[in-house]
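For reference, the structure is listed below as structure tokens.
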Amino acid sequence: MKLTLKERLSLPRLYPQKGSLLSQVTIRDINEKIKIDKDEIKKVGLKSDKGSLTWDGKKAKEINIDFTEVEVNFLKDQVERLDKEKNITSNILDLCLKLKNYEEKTK
């Protein structure tokens, strides 16, 4: 799945605060895959200013993340949960739609 820097930064907003052991391990594994290292931070000029993150959008590239079936299903479940709770905001709308409509390509 291709994700932008904004989507990678927004993904943790989908996570529940509490959960089962399996869900917490899944969150940890997803976070490891979407992490932003210091080289990328420097490359895109990622900065925090008054609680908001900014970066050079021209230098930030989409990257392909190989999520497992369990991770994809977990993320889709979180979108469904947020939708039922009416907690989807405009900031995460595009990410939610991407996840909801995502189907793995058969290899």
**Request:** Provide a single number: the residues in region 58-71 that are over 17 Å from LYS35 (Cα atoms) and assigned to a helix (DSSP H, G or I).
**Result:** 2
**Asked** What are the residues in region 1-47 that are surrounded by 14 or more Cβ atoms within 10 Å (Cβ to Cβ), in a helix (DSSP H, G or I) and of a type outside the set (D, E, K, R), if any?
**Response** LEU5, LEU9, SER10, LEU11, LEU14, SER23, THR26, ILE27, ILE30, ILE34, VAL44
**Residue tally, condition closer than 24 Å to GLU103 by Cβ and of a type outside the set (Ser, Thr, Tyr), over region 26-41** = 7
**Asked** Any idea which of (1) at pLDDT 95 or above; (2) assigned to a strand (DSSP E or B) is the one LEU53 doesn't satisfy?
**Response** (1)
**Asked** Considering only region 55-107, how many residues are touching an Asp or Glu at 6+ places or on another chain (Cβ under 6 Å) and more than 27 Å from LEU21 (Cα to Cα)?
**Response** 0
**Message:** Of the residues LEU75, LEU97, only one is in contact with a helix residue (DSSP H, G or I) (Cβ under 8 Å, 6 or more places away or on another chain), surrounded by 11 or more Cβ atoms within 10 Å (Cβ to Cβ), in a helix (DSSP H, G or I) and modelled with pLDDT of 95 or more; which?
**Reply:** LEU75
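The values are calculated or read from the model by the stated rules, or taken from the named source; none is laboratory data. Computed from a prediction, not measured in an experiment: that's the story for all the values here. Virtual Cβ from ideal backbone geometry, glycine too; neighbours counted across all protein chains shown.
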